[in-house]
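Structure record follows, encoded as structure tokens.
The values are calculated or read from the model by the stated rules, or taken from the named source; none is laboratory data. Here the structure is a predicted model, which is why all the values come from computation and not from measurement. No Cβ is skipped: glycine too gets one built from the backbone with ideal geometry, and neighbour counts run over all protein chains shown.
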Amino acid sequence: MNQLKIAIIKERKTPPDRRVVLSPEQLLAAKQRFPQVVFKIEASNIRVFSDEAYQKAGFEVSRAVSNCDVFIGIKEVPVEALIPNKTYLFFSHTIKKQVHNRSLLKAVLDKNITLIDFETMVNSQGKRLLGFGKYAGIVGTYNGLRTWGLKYDTWQLHKAGELNDQHDLLYHLKKLKLPNLKILATGNGRVAKGVEAMLDVMHIKAVSVDAFLNNTFHEPVYCKIHVGDYYKHKAETVFNKIHFYENPQDYESDFMKFARMADLLFAGHFYSEGAPYFYTKEDVQSSAFNIKVVADISCDVNGPLATTLRSSNIEAPIYGYDPKTGQETDFKNKNAIAVMAVSNLPCELPKDASEGFGEVFLEEILPAFFNNDKDGILRRAKITENGKLTKRFKYLQDYVGGNEHF
């Protein structure tokens with residue numbers, strides 16, 4: 001490919017998202033590495049890096065970007081803003097047949113758009129390349145501890161979005177005098193690693209499953225658990241992870257042993273449909289259920305945590321769960337479990353999240369446009385091409401066809 005015109009597009013979703021794929025500095029690095037690229041910045045008054053910052057770096061900022069070949073954003077592009085016969089890269093949130101985005105994918109096909117989805121970008125081993133999970137974990141940890149302070153009037157932390165960056169979050173967290181909390185963290189992916197990194201930097205002691213379940217501590221501690229710790233086979237004594245993922249119906253939750261001991265839960269796991277719930281409404285009604293604050297970073301509504309009744313938002317991040325009724329209540333009520341279930345946590349750390357994302361995009365994704373996609377990264381992530389679903393995503397045909405029973 002000779003000259004390639006790439007537009008960094010304005011985010012148009014509500015509530016506004018301030019993140020961007022590439023910072024001005026990263027665009028300069030990209031231009032140096034690939035001089036045949038012409039980058040054009042669509043004017044935006046919400047982006048974490050200002051239009052002036054891009055202009056100072058030598059890039060054209062304009063409201064007119066329709067002459068570009070490739071359009072790169074973060075969130076879904078509204079149907080009316082899609083330009084026909086172009087290539088788009090963004091998180092489309094369609095691969096799980098999300099009902100609210102069916103019209104988006106249909107419009108992409110109708111407008112002959114090539115859609116390359118960030119969520120489906122994987123390497124040759126199938127490992128996902130791009131995502132904001134780490135930053136969800138970082139902000140979720142801050143928000144979970146903020147929630148504890150607000151519920152028990154022990155400390156008052158600013159909202160994460162009011163602070164500058166990750167270092168600012170940590171500065172405020174490190175000043176806290178935590179009680180002897182038993183903190184539980186679920187998962188083993190980017191989200192969970194973000195949680196773990198924050199707790200480690202706060203010098204909260206990590207303990208084993210056995211110690212968490214059986215020991216008393218005179219300091220705050222945390223335990224990070226995985227599927228084999230909180231699920232068990234209905235008949236077998238040995239947990240087999242591969243068998244579990246293929247046959248989740250043969251397993252049951254063993255989470256209550258942790259719920260009896262934990263005070264604060266950071267949920268950073270991946271939950272696959274069909275797997276048992278971690279805890280049910282009935283479990284929460286038990287006097288043995290001890291968790292008082294749930295920071296559901298994974299935010300699976302109608303998923304494995306009965307206390308997550310809905311996703312919350314950055315403006316009103318916390319609600320209460322009444323164990324007796326299973327209904328929402330004021331989180332400050334004495335018996336209420338406080339739930340923080342913000343679904344777009346990385347938006348509260350837009351600068352760090354953008355720079356972290358851009359780093360990977362610059363190293364792993366952008367070169368594929370100029371090396372004939374030798375590793376197949378773009379090819380595997382391509383949902384639509386030439387007005388049709390690609391082979392890998394043919395399963396979405398009934399979804400875009402309007403079949404109500406997909």
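Please indicate, with yes or no, whether at least one residue in the stretch 87-94 is over 18 Å from the mean Cα position of the chain (by Cα) and buried (at least 18 other Cβ atoms within 10 Å of the Cβ). Walk me through how you get there before you give the answer.
Initial filter on the stretch 87-94 (over 18 Å from the mean Cα position of the chain (by Cα)): 87-88.
Filter again for buried (at least 18 other Cβ atoms within 10 Å of the Cβ), leaving 87-88.
The answer is yes; a qualifying residue exists.
Could you run through the stretch 168-213 and say how many residues are of a type in the set (Ser, Thr, Tyr) and either at positive phi or surrounded by fewer than 18 Cβ atoms within 10 Å (Cβ to Cβ) (or both)?
The first filter runs over the stretch 168-213 and keeps only residues of a type in the set (Ser, Thr, Tyr), leaving 171, 186, 208.
Next cut, either at positive phi or surrounded by fewer than 18 Cβ atoms within 10 Å (Cβ to Cβ) (or both) only: 171, 208.
So the answer is 2.
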If a residue has to be out of contact with any helix residue (DSSP H, G or I) (no Cβ under 7 Å at 6 or more places or on another chain) and assigned to a loop (DSSP other than H, G, I, E, B) to count, how many in the stretch 325-357 make the cut?
9
Meets criteria (more than 18 Å from Gly137 (Cα to Cα), out of contact with any His (no Cβ under 9 Å at 6 or more places or on another chain) and at pLDDT 95 or above) for Val195:
no
Six or more apart or on different chains, Cβ under 9 Å: which pairs go from a residue in the stretch 358-380 that's closer than 22 Å to Pro24 by Cβ to one that's polar (S, T, N, Q)? Could you list them?
Gly358/Ser23; Gly358/Gln26; Glu359/Gln26; Phe361/Gln26; Leu362/Gln26; Glu364/Asn123; Phe370/Gln36
Quick one: would you say Lys257 is among the basic types (Lys, Arg) and in a strand (DSSP E or B)?
no
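Find the strands (runs of 3 or more DSSP E) located wholly in the stretch 3-68 whose residues include 2 or more that are crowded, with 16+ Cβ neighbours inside 10 Å, at pLDDT 95 or above and among the aliphatic types (A, V, I, L, M), and list them.
Numbers: elements: 4-8, 37-42, 60-62.
Per the criteria, 4-8, 37-42.
Working only within the stretch 69-89, note down all residues that are of a type in the set (Lys, Arg) and part of a strand (DSSP E or B). Before you say what the answer is, go through the steps one by one.
Kept after step one, since they are of a type in the set (Lys, Arg), are these residues of the stretch 69-89: 75, 86.
Answer for the stretch 69-89, where residues must be of a type in the set (Lys, Arg) and part of a strand (DSSP E or B): there is none.
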Just the residues that are under 22 Å from Phe255 (Cβ atoms) and in contact with a helix residue (DSSP H, G or I) (Cβ under 9 Å, 6 or more places away or on another chain), please, taken from the stretch 305-324.
Ala306, Thr307, Gly320, Tyr321, Pro323, Lys324
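Among the listed residues Lys257, Lys241, Lys224, Lys234, identify the single one that is under 30 Å from Tyr171 (Cα atoms), of a type in the set (Lys, Arg) and in contact with a helix residue (DSSP H, G or I) (Cβ under 9 Å, 6 or more places away or on another chain). I'd like the intermediate steps shown before the answer.
Working: Lys257 fails: under 30 Å from Tyr171 (Cα atoms); Lys241 fails: under 30 Å from Tyr171 (Cα atoms); Lys234 fails: under 30 Å from Tyr171 (Cα atoms).
None of the other options fit; the residue is Lys224.
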Selection within the stretch 124-159 - in contact with a strand residue (DSSP E or B) (Cβ under 8 Å, 6 or more places away or on another chain) and of a type in the set (Phe, Trp, Tyr):
Trp148
For the stretch 104-154, which positions are among the polar types (S, T, N, Q) and modelled with pLDDT of 95 or more?
Asn112, Thr114, Thr141, Asn143, Thr147, Thr154
Look through Ala381, Ala368, Ala353, Ala341 and report the one residue that is of a type in the set (Gly, Ala, Ser), in contact with a Cys (Cβ under 8 Å, 6 or more places away or on another chain) and within 30 Å of Thr114 (Cα to Cα).
Ala353
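Has the stretch 283-295 got at least one residue that is charged (D, E, K, R), farther than 23 Å from Thr14 by Cβ and assigned by TED's automatic domain parsing to the domain that holds Thr186? Full working, then the answer.
Going residue by residue through the stretch 283-295, those that are charged (D, E, K, R) are 283, 292.
If we keep only those that are farther than 23 Å from Thr14 by Cβ too, we end up with 283, 292.
Among the residues that remain, those that are also assigned by TED's automatic domain parsing to the domain that holds Thr186 are: 283, 292.
Within the stretch 283-295, one or more residues are charged (D, E, K, R), farther than 23 Å from Thr14 by Cβ and assigned by TED's automatic domain parsing to the domain that holds Thr186.
Among the residues of the stretch 90-108 satisfying the criterion of being of a type in the set (A, V, I, L, M, F, W, C) and in a helix (DSSP H, G or I), which is farthest from Leu378 (Cα to Cα)? Reasoning before the result, please.
Quick first cut of the stretch 90-108, residues of a type in the set (A, V, I, L, M, F, W, C) only: 90-91, 95, 99, 104-105, 107-108.
In the following step, the residues that additionally are in a helix (DSSP H, G or I) were identified as 99, 104-105, 107-108.
Numbers: Val99: 25, Leu104: 20, Leu105: 18, Ala107: 21, Val108: 17 Å.
Checked the stretch 90-108; the qualifying residue farthest from Leu378 (Cα to Cα) is Val99.
For residues that are without any contact (Cβ under 8 Å) to a residue 12 or more places away in the chain and closer than 22 Å to Gln327 by Cα, scanning just the stretch 257-293, find the one that is surrounded by the most Cβ atoms within 10 Å (Cβ to Cβ).
At the first step, the residues of the stretch 257-293 found to be without any contact (Cβ under 8 Å) to a residue 12 or more places away in the chain are 273, 282, 287.
Remaining after also requiring closer than 22 Å to Gln327 by Cα: 282, 287.
On the way: Glu282: 10, Ser287: 7.
Among residues in the stretch 257-293 that are without any contact (Cβ under 8 Å) to a residue 12 or more places away in the chain and closer than 22 Å to Gln327 by Cα, the one surrounded by the most Cβ atoms within 10 Å (Cβ to Cβ) is Glu282.
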Checking Asn333 against (1) polar (S, T, N, Q); (2) surrounded by fewer than 18 Cβ atoms within 10 Å (Cβ to Cβ); (3) modelled with pLDDT under 95: exactly one of these is not met. Which one?
(3)
I'm checking my understanding of the structure. Among residues of the stretch 229-256 that are closer than 28 Å to Gln285 by Cα and among the acidic types (Asp, Glu), which one is surrounded by the fewest Cβ atoms within 10 Å (Cβ to Cβ)?
Glu252
